[in-house]
Amino acid sequence: MRFLTAIVAAMLLLGSMGASHAVVRISDDRGGRIGTYVDKYEALKGTGETVMIDGLCASACTIVLGAVPHDKICVTSRASLGFHAAWDPGSGGRPVTNVEATRMLYAMYPARIRSWIARRGGLKPRMIFLRGRELTGMYRPCYMDAQASAHAGGLH
């Protein structure tokens with residue numbers, strides 16, 4: 001019965017999307033420089049495209065949560081968001097927390113995400129993960145895994 005419900009939901013969702021609405025899939029994205037992700041997601045923001053998080057979205061990748069409208073983000077059962085403090089390479093390449101960049105990153109997140117992070121002690125050097133029921137309680141589930149997987153040009 002759950003399978004049938006998922007198929008019906010996918011058909012309804014796909015039927016309600018116009019041909020111009022593409023799906024951008026995020027999977028296995030470990031992040032990188034904050035500025036790069038801010039630019040990437042700001043460009044995506046006004047397109048009307050749905051962002052599907054279908055795997056790991058960690059570090060700077062999570063900026064998508066604040067840059068793209070909430071109703072344009074969905075998550076699959078494989079979605080996992082990883083949060084940590086921003087850092088710069090120190091002596092010998094060791095990470096050194098960048099307090100100012102961490103504050104800026106934290107401020108980019110929606111209130112619900114900031115609250116979740118705060119309940120876990122804030123952004124620290126160690127990664128914390130939001131996934132499963134907690135995540136699907138905050139973002140709508142995706143029912144179009146197959147279509148997004150077939151879409152070339154997703155964010156990886």
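Residues that are at pLDDT 95 or above and either hydrophobic (A, V, I, L, M, F, W, C) or farther than 16 Å from I26 by Cα (or both) within the stretch 138-156 comprise just one, M138. Restricted to the stretch 36-59, and to residues that are of a type in the set (V, I, T) and either assigned to a strand (DSSP E or B) or in contact with a strand residue (DSSP E or B) (Cβ under 9 Å, 6 or more places away or on another chain) (or both), which residue is surrounded by the fewest Cβ atoms within 10 Å (Cβ to Cβ)? Filtering first and then ranking leaves T47.
Name the residue, out of R131, R103, R112, that is at pLDDT 95 or above, under 19 Å from the mean Cα position of the chain (by Cα) and more than 22 Å from T50 (Cα to Cα). Step by step, each of R131, R103, R112 is checked, and only R103 is at pLDDT 95 or above, under 19 Å from the mean Cα position of the chain (by Cα) and more than 22 Å from T50 (Cα to Cα). For the stretch 72-91, the count of residues that are free of Cβ contacts under 8 Å to residues at least 12 places away in the same chain, of a type outside the set (K, R) and closer than 23 Å to Y143 by Cα is zero.
The test for being at pLDDT 95 or above, closer than 17 Å to C57 by Cα and either crowded, with 17+ Cβ neighbours inside 10 Å or among the hydrophobic types (A, V, I, L, M, F, W, C) (or both) holds for V75.
The values are calculated or read from the model by the stated rules, or taken from the named source; none is laboratory data. Just so it is clear, the structure is predicted and the values come from calculations on it, not from any experiment. Cβ coordinates were reconstructed from backbone atoms using ideal geometry, including for glycine residues, and neighbour counts include every protein chain displayed.
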